[in-house]
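Scroll down for the structure; my scribbles are underneath it.
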Amino acid sequence: MVAFADQVRRQQWLGHTGKPIQSIVNIGIGGSDLGPKMVCHALQPLGEPKLSMHFVSNVDGADLQQVLAQIDPATTLAIIVSKTFTTLETMTNAHSLRSWLLSHGVPEAKLGQHLVGVSADPARAIQLGIAPECVFKIWDWVGGRYSLWSAVGLSALLYIGPTHFSELLAGAAQMDQHFREAPLRRNLPTILALLARDGK
Ligand SMILES: O=P(O)(O)OC[C@H]1O[C@@H](O)[C@H](O)[C@@H](O)[C@@H]1O
């Protein structure tokens, strides 16, 4: 995953016309959308300025159309993110985006340069035309709401780069440890949960 991200970030991963990737479109919903979207938004100052990031989750076609109007198929990389690869909203948007690429000049044989997948079920991703080596696997035991820390974080990795992404993972591991060990009075996730409860 890091080798792939490096290639894209160094402008060595080329679209079908030989131009480097400039736009990343993350297609997913729930945990396969919100985590990476939040990281890309929160860590924008660390983001790669040559990449524009887009997130499409809504099955209402207006969501996808708004993004398609801003990007060039020749320089677009779509990441289809779905643990199951059966989620209706994501599959609908993935098929629409695939058709858009094909109808805007991307030859079917070169679709693999513009489409990658993240899933616990790689066979389903391959059926969509994603090259087997471009399907990044999520472990089965990762729950949707925590999946940012798995391959679902690919768009965040592309945007902030491997060094910052490793720091993000290390910070999460540190917080896991803090949650297990800190006394409740100083336990940050516990305090946050209590504040949220009080806020209701
Ligand atoms: O990643 P998938 O399989 O497309 O699922 C997307 C989301 O689907 C929702 O139904 C789940 O509650 C979420 O946890 C999950 O992230």
Next on the checklist: Quick check: the angle from helix 88-103's long axis to the longest principal axis of the chain, C-alpha only, nearest 10 degrees?
Outcome noted: 30
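Carbon and sulfur: what percent of the range 71-120's accessible surface (1.4 Å probe)? Before the final figure, lay out the partial values.
On the way: 950 of 1710 Å².
Taking all protein chains in place, the range 71-120 shows 56 percent carbon and sulfur surface.
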Checklist outcome for this item: Ordering 2-8, 150-156 by per-residue average of other C-beta atoms within 10 angstrom, highest first, gives 150-156, 2-8
Checklist entry - Among all the aspartates and glutamates, which ones have a C-alpha under 13 Å from Lys19's C-alpha, if same-chain residues fewer than 8 places away are not counted? => result Asp72
Item to check | Mean Cβ count within 10 Å, highest first, over the residues of peptides 11-23, 118-130 | outcome: 118-130, 11-23
Checklist entry - For the range 1-81, which trypsin sites (Lys or Arg not before Pro) are both in a DSSP coil and crowded by at most 16 other Cβ atoms within 10 Å? => result Arg10, Lys50
Next on the checklist: Starting from the 7 Å offset along Cα-to-Cβ, what nm value, one decimal, do you get for the label separation of Ala172 and Thr17?
Outcome noted: 3.6
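Give me the accessible area per residue for the chain, probe 1.4 Å, as a whole number in Å².
Computed with neighbouring chains in place, this is 53 Å² per residue.
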Item to check | Total formal charge among the other residues, if their Cβ is under 15 angstrom from that of Pro122, Lys/Arg +1 and Asp/Glu -1 | outcome: 0
Checklist entry - Farthest toward the dipole's positive end in the chain, which of Leu158, Ala42, Ala172, given Cβ charges of +1 (Lys, Arg) and -1 (Asp, Glu) about the Cα centre? => result Ala172
Checklist entry - Separation of the range 90-107 and the range 10-60 by C-alpha centroid, Å? => result 16
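Give a quick list of chymotrypsin sites (Phe, Trp or Tyr not before Pro) in the range 71-164 that DSSP marks as loop, anything other than H, G, I, E or B, with at most 13 other Cβ atoms within 10 Å.
Values: sites: Phe85, Trp100, Phe136, Trp139, Trp141, Tyr146, Trp149, Tyr159; in loops: Phe85, Trp139, Trp141.
Listed in order of number, the matching sites are Trp139, Trp141.
Tally Lys and Arg at +1 and Asp and Glu at -1 over the other residues with C-beta under 14 Å from the C-beta of Trp139: what net charge comes out? Before the final figure, lay out each step's value.
Details: positive: Lys83, Lys137; negative: Asp121, Asp140.
With Lys, Arg at +1 and Asp, Glu at -1, the neighbours total 0.
The values are calculated or read from the model by the stated rules, or taken from the named source; none is laboratory data. Just so you know, these numbers come straight off a predicted model, no measurement behind them. We place every Cβ from the backbone using ideal geometry, glycine too, and count neighbours over all the protein chains shown. Remember, those area values only see protein heavy atoms, side chains included, never the ligands or the DNA or RNA. Shrake-Rupley method; radii C 1.70, N 1.55, O 1.52, S 1.80 Å.
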